[in-house]
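The values are calculated or read from the model by the stated rules, or taken from the named source; none is laboratory data. Please read these numbers as outputs of a predicted model, since none were measured by experiment. With ideal geometry, Cβ positions are generated from the backbone for all residues, glycine too; neighbour counts draw on all protein chains shown.
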Amino acid sequence: MIDAVLLSSLAKVFPQYDLPMDCKKTKGSMLKNEAYSFQVAYRYSGDSMMNLPVYVEVDSDLGDALTYRMVETVPCDFPMYPNNPGVGLVVQEEGLVHPESPVFPDVLRPGNKPLWILHNQWRSLWFTIDGTKKALKPGVHKIKITITDGCGRTPVTFTIDIKDKKLPKQTLICTNWFHCDGLCQYYNVEFASERFWEICESFVQKAADYGINMILMPLFTPPLDTVPNQERLTTQLVGVTKKGKKYTFDFTLVKRWIAMCKKCGVEYYEMSHMFTQWGAKHAPKVMATVDGKYQKIFGWETDSHGEEYKDFLKQFIAALIPVLKEEKIAKKCYFHTSDEPGADMLEGYSECASFLRDLVKGFKTFDALSDINIYKTGCIECPVPGIDHMDEFLKADIKERWTYYCCGQINKVSNRFLCFPSVRQRILGMQLWKYDIKGFLQWGYNFYNSQGSERPVDPYNTTTGGGWVPGGDCFIVYPNYDGTALPSIRMEVMREGHQDMRALQALEKKIGREEVEKLVGKKLSFTNYSLDPNKLIKIREKVNELL
């Protein structure tokens, strides 16, 4: 009495709801150097009310390129804002999936034997055919999956057509901000200890495997999401010694960070912000050795426009740049001033941004900001507007276009919230291709803190930063008990979006941009797209066929 149904990767399987039958799928196609996923939803509907052990048998010629993982649910006490047009909160109701549910499917955990099945509750297994490390053999392959409880056997068969064509290299620069304090606090390890480096490498490697090819480097403790006059755990790579008005710098840990990133396949390096969030009014927390004592020398009490901190930055940047050149990453480095300045912060932010830009001539500067007037001051090279503020920036003559989403991008646009259907996340890849976007930013790869970083949180118990933001905004990866990183289904869907973008780029080279636009739909925009998962998948399969 075990039911089993094949579904696409765009399905979200909830224990208590009917399956999304518009996501039924028994066959698909892929290129030989990408990752392709599908699901098997299963449920016991027999007479026994007890939890039962079930086993999974897989028969395939794909070898270790085919793996499966269990999809685990996580709680979500704040799936989405209530509609409130009076304060500008307008939620696209038809673009949500079971927002009333107390749990959402998300964690991907390696399959255990046996699996435990609960009476009359749906669960799913996530199967991935991975050609990202080693190209797969082209042709049609059948994958027979049998779920058995020892008495009955329920077989299903998925057919994959692997095309004899490769995706081109990813051109999109993608960053999801890496938070070291989350790892230190969750695993109770000291920053820069050997155990920290082991854990950190696992999380960086997982990011790189999924197309996050830029990593935030904590030169100093990032001044992000911190309550004013309070502090986040110190995570500072740069060693600083102060003697009078002179500073010396130790870049040993910076070089180790770069070596780790290179080993994992990271290509781009994002320097942590040189000024505090929302206006650049203060300095980040900077720790230094002064007369033999390790202490804070800059922080909330520091005026960002004061000569003392400016003098420090001059000395620091002058010492840092040769290191970046020596490590041969200078051309792949970007500098931040301050995160998300608003219109009322224009004067102070532009002063700090112009000061930094003069110090780092030859390097790119970028920040998340959605006010076009800030960009027009000329103080920053690569503005990163919210995806719902792109219209004005698309009209401007910007050489390198970026965009981002976070908790505020809720109406009509793409995002990765737990209560958003996966199609609404994956469509981003086609949108990025349509508008020739160079870079994408999201603020939380592994932010395991509450609002303002007042306390650490357990990501398995709260996916909302303690009820702060809609579930799924704070992180896209989970900490496994052994110090390794566990991806989410949202991380898999993010990678699929990246692959869609690359496939469209390849097809554009072959048949021209106009023909590809006809295929994806000339009316496709950041706010106009179909929520039909089958339509997106059919477009991608047509792309594969034409390639």
Picking from Phe526, Phe440, the residue that is buried (at least 22 other Cβ atoms within 10 Å of the Cβ) and over 16 Å from the mean Cα position of the chain (by Cα) would be Phe526
Within the range 325-341, residues touching a residue at least 40 places away in the same chain (Cβ under 8 Å), over 19 Å from Leu224 (Cα atoms) and outside any strand (DSSP E or B) come out as Glu327, Ile329, Lys332
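Restricting to the range 1-19, and then to whatever is part of a loop (DSSP other than H, G, I, E, B) and over 24 Å from the mean Cα position of the chain (by Cα), can you tell me which residue is modelled with the lowest pLDDT?
Filtering the range 1-19 down to residues part of a loop (DSSP other than H, G, I, E, B) leaves 1, 9-19.
From what is left, the residues that are over 24 Å from the mean Cα position of the chain (by Cα) are 1, 15-19.
Numbers: Met1: 79, Pro15: 95, Gln16: 94, Tyr17: 96, Asp18: 96, Leu19: 96.
Selected residue: Met1.
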Going through (1) within 15 Å of Val13 (Cβ to Cβ); (2) crowded, with 19+ Cβ neighbours inside 10 Å one by one, Asn120 fails only at (2)
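In this structure, does Tyr404 turn out to be surrounded by fewer than 24 Cβ atoms within 10 Å (Cβ to Cβ), farther than 23 Å from Leu183 by Cα, assigned by TED's automatic domain parsing to the domain that holds Gln185 and within 11 Å of the chain's Cα centre (by Cα)?
yes
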Among the residues of the range 518-527, the number that are of a type outside the set (A, V, I, L, M) and either in the same structural domain as Gln425 (by TED's automatic domain parsing) or touching a residue at least 40 places away in the same chain (Cβ under 8 Å) (or both) is 3
Residues in the range 240-254 that are over 12 Å from Val290 (Cβ atoms), outside any loop (DSSP other than H, G, I, E, B) and in contact with a helix residue (DSSP H, G or I) (Cβ under 7 Å, 6 or more places away or on another chain) total 2
Those residues of the range 66-88 which are within 24 Å of the chain's Cα centre (by Cα), over 20 Å from Ile147 (Cα atoms) and either charged (D, E, K, R) or not in a loop (DSSP other than H, G, I, E, B) (or both) amount to Thr73, Val74, Pro75, Asp77
- prompt: Would you call Thr128 among the polar types (S, T, N, Q), within 18 Å of Met1 (Cβ to Cβ) and surrounded by 15 or more Cβ atoms within 10 Å (Cβ to Cβ)?
  reply: no
Filtering the range 342-379 down to residues that are closer than 22 Å to Lys325 by Cα and in a loop (DSSP other than H, G, I, E, B) yields Val360, Lys361, Gly362, Phe363
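Residues are listed down the side, and each one gets a yes or a no for (1) closer than 29 Å to Ile2 by Cα; (2) touching an Asp or Glu at 6+ places or on another chain (Cβ under 8 Å); (3) of a type outside the set (Val, Ile, Thr):
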position: Ser37; (1), (2), (3): yes, yes, yes
position: Gly63; (1), (2), (3): yes, no, yes
position: Gln92; (1), (2), (3): no, no, yes
position: Val107; (1), (2), (3): yes, yes, no
position: Pro110; (1), (2), (3): yes, no, yes
Among Gly386, Gly362, Gly378, Gly342, the single one that is of a type outside the set (Phe, Trp, Tyr), surrounded by fewer than 17 Cβ atoms within 10 Å (Cβ to Cβ) and under 21 Å from Ile173 (Cβ atoms) is Gly362
Picking from Val54, Val71, the residue that is surrounded by 15 or more Cβ atoms within 10 Å (Cβ to Cβ) and modelled with pLDDT under 95 would be Val54
Checklist entry - Hey, any hits in the range 34-50 for a residue that's in a loop (DSSP other than H, G, I, E, B), at pLDDT 90 or above and in the same structural domain as Gln121 (by TED's automatic domain parsing)? => result yes
Exactly one of Glu515, Glu545, Glu496 is without any contact (Cβ under 8 Å) to a residue 40 or more places away in the chain and of a type in the set (Asp, Glu), and that residue is Glu515
Reported set for the range 270-297 where residues are at pLDDT below 95 and closer than 20 Å to Trp257 by Cα is none
* Does the range 452-466 contain any residue that is in contact (Cβ under 8 Å) with a residue 60 or more places away in the chain and within 30 Å of Glu381 (Cα to Cα)? -> yes
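Can you find a residue in the range 170-191 that is among the aliphatic types (A, V, I, L, M), within 30 Å of Leu31 (Cβ to Cβ) and either part of a helix (DSSP H, G or I) or touching a helix residue (DSSP H, G or I) at 6+ places or on another chain (Cβ under 7 Å) (or both)?
Looking only at the range 170-191, we keep the residues that are among the aliphatic types (A, V, I, L, M), and these are 172-173, 183, 189.
Right, trim to within 30 Å of Leu31 (Cβ to Cβ) and you get 172-173.
When the remaining residues are screened for being either part of a helix (DSSP H, G or I) or touching a helix residue (DSSP H, G or I) at 6+ places or on another chain (Cβ under 7 Å) (or both), the result is 172.
Yes, because at least one residue in the range 170-191 is among the aliphatic types (A, V, I, L, M), within 30 Å of Leu31 (Cβ to Cβ) and either part of a helix (DSSP H, G or I) or touching a helix residue (DSSP H, G or I) at 6+ places or on another chain (Cβ under 7 Å) (or both).
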